[in-house]
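To start, the structure itself, in structure tokens.
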Amino acid sequence: MSKPAAQAERRPTDWNSPAMQKRIRRRYAAERRFRVLGAGAVILSAAFLGFLLLTMVAQGWRGFTVTELALPIDLKADGLKIERSQLATPAADLALASAGLEDVVDNAATRAFGADGATYLAPSAWLAVRGAVKRDPSLLERRTTVYVPAATGFDRALAGDGDPAMEAGVARLTRQGAIHRGFNWTFLSESDSTDPVAVGVWGALKGSLLTMAITFLIAFPVGVLSAIYLEEYAPKNRWTDLIEVSINNLAAVPSIIFGLLGLAMFLGTWQIGGHSFGPMLPRSAPLVGGVTLALMIMPVIVIASRNAIKGVPPSIRDAALGIGASPIQVVFHHVLPLAMPGILTGTIIGMARALGETAPLLLIGMRAFIVTAPGGFTDPSTVLPVQIFLWSDEVSRGFVEKTSAAILVLLAVLLAMNGLAIYLRNKFETRW
Amino acid sequence: MTPASPAPHKMSARGVSVFYGQKQAVKDVSIDVDMDKVTAFIGPSGCGKSTFLRTFNRMNDTIASARVTGEITLDGADIYAADMDVVQLRARVGMVFQKPNPFPKSIFENVAYGPRIHGLASSKSDLEGIVERSLKRAGLWEEVKDRLSDSGTALSGGQQQRLCIARAIAVDPEVILMDEPASALDPIATAKIEELIHELRGRYAIVIVTHNMQQAARVSQRTAFFHLGQLVEYGETDNLFTAPREERTKDYITGRYG
Amino acid sequence: MNPFALSFLILGLGLIGWLTARARAVRFDRGGAKRLHSLPAQHGWFVGMWTILPPLLFLVVWSGISPGLVRQTVLQSPAAAGLSDFAFERDSVLAQAREVAKNPYETEADPLARQLAPVVRAASRRYAWTGTAAAVLLAFAGAAFALSRIRADFRARSKVERTLMMGLLVASLIAIFTTIGIFVSLFWESLRFFQQVPITQFLFGTHWSPQVIDAKDPGASLGAVPLFWGTFFIGAVIAMLVAIPFGLMSAVYLTQYASATTRRWMKPTLEMLAGVPTVVYGYFAALTVAPAVRKLAVLLGDPFASSESALAAGLVMGVMIIPFVSSMADDSLAAVPTSMRDGSLAMGATTSETISRVLVPAALPGVVAGVLLAVSRAIGETMIVVMAASGAATITLNPLQSATTVTKQIVDLLTGEAEFDSPKTLAAFALGLTLFVITLLLNIVALRVVKKYREAYE
């Protein structure tokens, strides 16, 4: 095959020799091992995600259900002294409470379910009766059946995880047909409570929404405007470099540092010239939370917006400049509308990150125990992730399913946001 | 893998077509490649000559949408057969690319890479011998012998391409495929590469793709002219350039298009 | 008037100003010139801007200072005499008073808060009206001024554009202000801390127990070395032992082996790991992983194993970091020219040989930078360690034992009921400063490596 000269130098490789064949087989085996390792890494990572979600669903689905007991009650006969006219006033709650509604409900439970009856009811059971009476004042005069939430212990016993006395009660009430399980609307409409049966995510969700509104109102305009400046107008000098370095570094600063910033800047008091100023913003409120998170996600929006603006081809700018548009008009009439899908996608991703953030908000006091949903931007409030954290710390077993249920709510909102971002990206993606 | 009787040609293609998805890039091409000869593929850009070259060591396998039909044999054995080992095939049919692509490693490591993965050297001194011999054959030894540990990417373009040739030689291939090896180089470096091809001819079957007709005339003994995915004419280089049989070949070599 | 109604009122005034100015500009006497310098709409924008911007700026400032003014008025009123001296208690009563002021039928409120409520209501109403009046006045003044300026030869467009440009510049300066704000607030509070505790004692002390602080020598129980070790051990060792192999191998598989369909589905799936909120990971770590790790420890013969082990927190943190490593590795592998891969394959190397001997070494700087960024991410991560790691500061090499981190201690120190100036609270800021500096250094180094590496292939 080869010339003799070459053979003198070196014999040609005999690919069919047993040693070489063995070596090839070994190399292919290594190739397969490597490939399996790679696939394994992907599958295990995905499996972890699946396991995490499954765990949350398995523990959390029960949080969306409520155990209710059919409580026969006759308010007049049980001695609730209250006039029908009082129910129409804003002071109705106060009046019902001072008329002893809570005791009346407990008595009714004892009569209907036996000596332990009152312990089967959740502490918030009388609130269900109060609501029923306010909706239909005629209940004051007649005998009726109201569905009231069962106590946490009762609920646990129903799930097969309670003490023997409660389990006996469950057995008895099952025979009576007094147990009803249904979707827990309270969980979506109420706020925090000390009793796991009565808790809801609405207060925290509303706090999150208010906080996100502030975050968006600050971070979006500031982020987009500074992206425009840096990408379109900024002269290349040391100041511009400094801004760029600041943004890149802010994007990587741990979130907890922003909590410290919020705490010291917005909630601290400042001694200036013998006078003490501050705090600039009210503690525990969506306002301070929103501002802090806005500073945190602003770099994300700036970076995403810059990439979107960079993606608009220079020919479009040249065309607009060529027909005599001013530099401002070029950007606001042509570049910005074309870059908007990319900017919005980046903004949604940043907002999703802010929505899931916990640590900085803990530091600025958004961990208040909030029993009514915040009414405005300056009311003490908590947010969904912090609520999850607070519930996870509770000792009562009933909170486990509520925590997981709240996590499912949070994940659902995040999934919706990311879905929207992906939809926007696919719908408006332009190839130049 | 080696047939009982020696095959008449080192490599033979019979009715080879290549598809990229729906598009057919090479149409029903048959050609033979022999030892001790340089075969040149010429033709206007986009005529499928590079694609066809890559079928000779199955480099088209790395492109997911590419599909090859027809038969290509090496010493009579079908290289697209199920029992053909692509790793061994590529060791026997080496390749040099259009743009020099040394690995970001030292010069020594670049050349030693092939013998290492194929287990060709029995000892460290054996490996050093292979590296020295390969660099000498590629005409690079004198220029780099004192700086073998420098990065391969630090060399000049022409040196890088000769390093890539040395790297291909080091696994002791039987066929060397060259895909426009000098197109990214200056005239002096190009001349060195052509000289090198001339010297290597005695040991290997060489196939070179070029869009430079003068280069084809200078280095090759046989030339194949491709146009729009088809093999228009294949023959002795001297005949093809002086007395083309086909009208299209004539148009091309006289510069009507290309 | 509530802030929203007020904002709408001002925007409405701005719109009226805009329309008026435009209408006036349309009728300008052109005096022979064919065209005005600015379009009528640009005159409109000029007036609109002058109508809207001053009152809005005023309102932002006013909303910042008015709660303070209300508070001051209330505290000075005779009804506030009975207030407690403790800041926490006082704030709580004031908050309740604000609640009652809004809703007189609020059932659960301190009697003192009920007394204060009318004062609160009166004060807030007074300041709210003052602000509203001032804002509206400013709007009219701005509009009047601007309308008096516009004439046929007035260059409204230049003015509007200059203002916009100022707006752009101010927006981009906010990043610098934030950086300065972070640095100043951390540095200032840390300075106060180091006045009480010597910096060497803090940085090199090996005993950390902020629960019991000796007032005479606070530094003795504020030595942060165990925290630094715990942070390093959990974030840079255990988490990376999970994240690097998994992230790197995932990136390799998805870029080099997987079919297009697999890649299209698995890449977003892995990225979802980065989208899960950290509080969810924390809960998962505390509820599911930590007990499992403890069981393992008991099996291994440690009956007193901690259920807040470094391993549980580190494992979960590692999983969280996988997508960061994977996407950085993905980018770096993609930046290696395909000719490298072809060159290696053409010599008969198998895919795995090509990856491990050519592609990964070529992509190494990018991968290393990715790992540095991942480490910086891991040591700054808070919720997982807050929920799953221990508060006990120990220096241990045993992953089954408990370890604590800088971030967890910051949260613990600041969520107790300590007053603002105690060494305990200030220590949190010193820890924050340390964390900030370390992550900053890691990022700078990583970005520099990435930049160098990109240049090498361009």
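Annotations
- All helices (runs of 4 or more DSSP H) inside segment C:148-248 with 3 or more residues being within 10 Å of chain A (Cβ to nearest Cβ) and among the hydroxyl-bearing types (Ser, Thr, Tyr): C:156-196
- Of residues in segment B:207-223 being touching a Ser or Thr at 6+ places or on another chain (Cβ under 7 Å) and hydrophobic (A, V, I, L, M, F, W, C), the one nearest to residue B:35 (Cα to Cα): B:207
- One residue alone among A:67, A:55 is in contact with a strand residue (DSSP E or B) (Cβ under 6 Å, 6 or more places away or on another chain), surrounded by 16 or more Cβ atoms within 10 Å (Cβ to Cβ) and among the polar types (S, T, N, Q), and that residue is A:67.
Yes/no per residue for (1) aliphatic (A, V, I, L, M); (2) crowded, with 23+ Cβ neighbours inside 10 Å; (3) within 10 Å of another protein chain (Cβ to nearest Cβ); (4) in a loop (DSSP other than H, G, I, E, B):
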position: B:73; (1), (2), (3), (4): no, no, no, no
position: B:84; (1), (2), (3), (4): yes, no, no, yes
position: B:87; (1), (2), (3), (4): yes, no, yes, no
position: B:101; (1), (2), (3), (4): no, yes, yes, yes
position: B:111; (1), (2), (3), (4): yes, yes, no, no
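- Some residue of segment C:390-409 being more than 10 Å from chain A (Cβ to nearest Cβ), of a type in the set (Ser, Thr, Tyr) and under 24 Å from the mean Cα position of the chain (by Cα): yes
- Residues of segment A:168-206 that turn out to be surrounded by 16 or more Cβ atoms within 10 Å (Cβ to Cβ) and free of Cβ contacts under 8 Å to residues at least 12 places away in the same chain, as a count: 0
- Number of residues in segment C:323-344 that are touching an Asp or Glu at 6+ places or on another chain (Cβ under 9 Å) and surrounded by 24 or more Cβ atoms within 10 Å (Cβ to Cβ) equals 3.
- Long-range neighbours under 9 Å by Cβ, at least six apart or interchain, first residue at the interface with chain C (Cβ under 10 Å from one of its Cβ atoms) and free of Cβ contacts under 8 Å to residues at least 12 places away in the same chain within segment A:386-410, second surrounded by fewer than 24 Cβ atoms within 10 Å (Cβ to Cβ) and not acidic (Asp, Glu): A:392/A:399; A:392/A:400; A:392/C:286; A:392/C:287; A:393/A:399
- Taken together, A:356, A:346, A:376 contain a single residue that is of a type outside the set (A, V, I, L, M, F, W, C) and touching a residue at least 60 places away in the same chain (Cβ under 8 Å), which is A:376.
- In segment A:349-361, the residues that are more than 14 Å from residue A:254 (Cα to Cα) and of a type in the set (A, V, I, L, M, F, W, C): A:349, A:351, A:352, A:355
- Qualifying residues in segment A:85-115 (those that are touching a helix residue (DSSP H, G or I) at 6+ places or on another chain (Cβ under 6 Å) and of a type in the set (Asp, Glu)) - the one farthest from residue A:169 (Cα to Cα): A:102
- Taking helices (runs of 4 or more DSSP H) as the structural unit, those lying wholly within segment C:340-458 and holding at least 1 residues that are in contact with a strand residue (DSSP E or B) (Cβ under 8 Å, 6 or more places away or on another chain) correspond to C:406-414, C:423-457.
- Evaluated against (1) crowded, with 23+ Cβ neighbours inside 10 Å; (2) under 21 Å from residue C:428 (Cβ atoms), residue C:391 falls short on exactly one condition, (1).
- Residue C:101 passes every criterion in (1) touching a residue at least 60 places away in the same chain (Cβ under 8 Å); (2) touching a Ser or Thr at 6+ places or on another chain (Cβ under 8 Å); (3) more than 28 Å from residue A:225 (Cα to Cα); (4) not β-branched (Val, Ile, Thr) apart from (1).
- Unique match (being among the aliphatic types (A, V, I, L, M), more than 16 Å from the chain's Cα centre (by Cα) and buried (at least 22 other Cβ atoms within 10 Å of the Cβ)) among A:331, A:371, A:386: A:331
- Counting only helices (runs of 4 or more DSSP H) that sit completely within segment A:25-136, those holding 2 or more residues that are more than 10 Å from every other protein chain (Cβ to nearest Cβ) and closer than 25 Å to residue A:154 by Cβ correspond to A:101-113, A:117-120, A:125-135.
- Residue within segment A:226-242 that is in the same structural domain as residue A:363 (by TED's automatic domain parsing) and closer than 29 Å to residue A:358 by Cβ present: yes
- Taking segment B:201-221 as the range and being among the small types (Gly, Ala, Ser), over 16 Å from residue B:11 (Cβ atoms) and part of a loop (DSSP other than H, G, I, E, B) as the test, only B:202 passes.
The values are calculated or read from the model by the stated rules, or taken from the named source; none is laboratory data. As the structure is a prediction and not an experimental result, all values here were calculated from the model. Cβ: placed from backbone, ideal geometry, glycine included. Neighbour counts: every protein chain shown.
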